[in-house]
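The values are calculated or read from the model by the stated rules, or taken from the named source; none is laboratory data. Values in this document were obtained by computation on a predicted structure and should not be read as measured data. Reconstructed Cβ throughout: ideal geometry from the backbone, glycine too, with neighbour counts over all protein chains shown. Only protein heavy atoms, including side chains, enter the accessible area calculation; ligands, DNA and RNA are left aside. Shrake-Rupley method; radii C 1.70, N 1.55, O 1.52, S 1.80 Å.
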Amino acid sequence: IKKFFKSLNNKNLTEFEALKVFDNIGINTVKSEIISNPTNTKELINEIGFPLVMKILSSEIQHKTDTGGVELNIISEEDLKIRYRKLFKVFEKLKIEDDKKQFIIQKMETGIAEIILGYRVDELVGPIVVVGSGGILSEVYDDKSVRIAPVDFKEAKDMISEVKSFMIFNGYRGLPKVNIDVLARAIVNISQLAFVNEIREAEINPVIIKKEKEGVVAVDGLIMLN
């Protein structure tokens with residue numbers, strides 16, 4: 001990972017680069033590919049499979065949803081071309097240079113719930129790890145647990161038990177159960193970023209929580225460097 005950071009010149013990583021880091025520290029991530037346009041992408045599409053998600057890809061844009069830079073549930077090659085044109089207009093609106101206009105395509109993942117998993121270096125207490133309810137309403141509900149990083153497996157499980165919305169993970173009202181151990185391991189793994197001096201902040205939002213035997217998958221992430 002340290003070699004990876006030495007090769008970078010940006011203060012922020014693209015989402016594709018951030019997901020690579022999360023994958024390297026042991027957090028399951030969605031299959032992703034980078035494209036410049038939707039032509040000649042049939043092989044990549046076949047590898048991923050429909051339905052797809054398509055997003056603008058730039059280290060200059062950290063919150064893609066706020067800019068209209070995310071297209072969900074793309075169901076065909078024709079649909080992909082239509083969504084591409086919409087996202088291209090977003091790049092134009094944001095005045096991103098032509099040679100920096102790239103897109104990321106991913107498998108459209110679904111599950112039981114969406115959570116946020118984060119790490120940052122707090123000015124007062126130092127490295128901290130956060131887990132909580134995720135998606136676009138994560139800041140509204142403010143349902144989360146925080147610890148000094150790094151944490152061990154027991155602390156990670158304690159964090160899970162402190163998030164009110166996570167009570168559904170035990171099969172609440174007939175919902176499928178979740179593999180809590182896999183989620184706890186993801187919390188432990190992201191907390192290990194405390195040993196990587198180059199990272200100021202890291203966030204996965206959302207992590208898709210799946211059925212017990214399917215684990216979890218990170219589908220969107222950002223990393224900011226010192």
Do we find that ILE61 is within 15 Å of the chain's Cα centre (by Cα), of a type in the set (Val, Ile, Thr) and modelled with pLDDT under 90 in this structure? yes
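Give GLY26, GLY68 a once-over and let me know the one that is surrounded by 14 or more Cβ atoms within 10 Å (Cβ to Cβ), under 19 Å from the mean Cα position of the chain (by Cα) and on the phi > 0 side of the Ramachandran plot.
Details: GLY26 fails: surrounded by 14 or more Cβ atoms within 10 Å (Cβ to Cβ).
The unique qualifying residue is GLY68.
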Odd one out for TYR84, checked against (1) part of a strand (DSSP E or B); (2) of a type in the set (Phe, Trp, Tyr); (3) modelled with pLDDT under 95: (1)
Within region 29-46, identify whether any single residue is more than 18 Å from GLU15 (Cβ to Cβ) and modelled with pLDDT of 90 or more, and answer yes or no. no
State which residue pairs qualify: first residue without any contact (Cβ under 8 Å) to a residue 40 or more places away in the chain and inside region 63-81, second residue open to solvent by 40 Å² or more (accessible area, probe 1.4 Å) and part of a strand (DSSP E or B) in any location, beta carbons under 8 Å apart, and separation of 6 or more residues or different chains. none
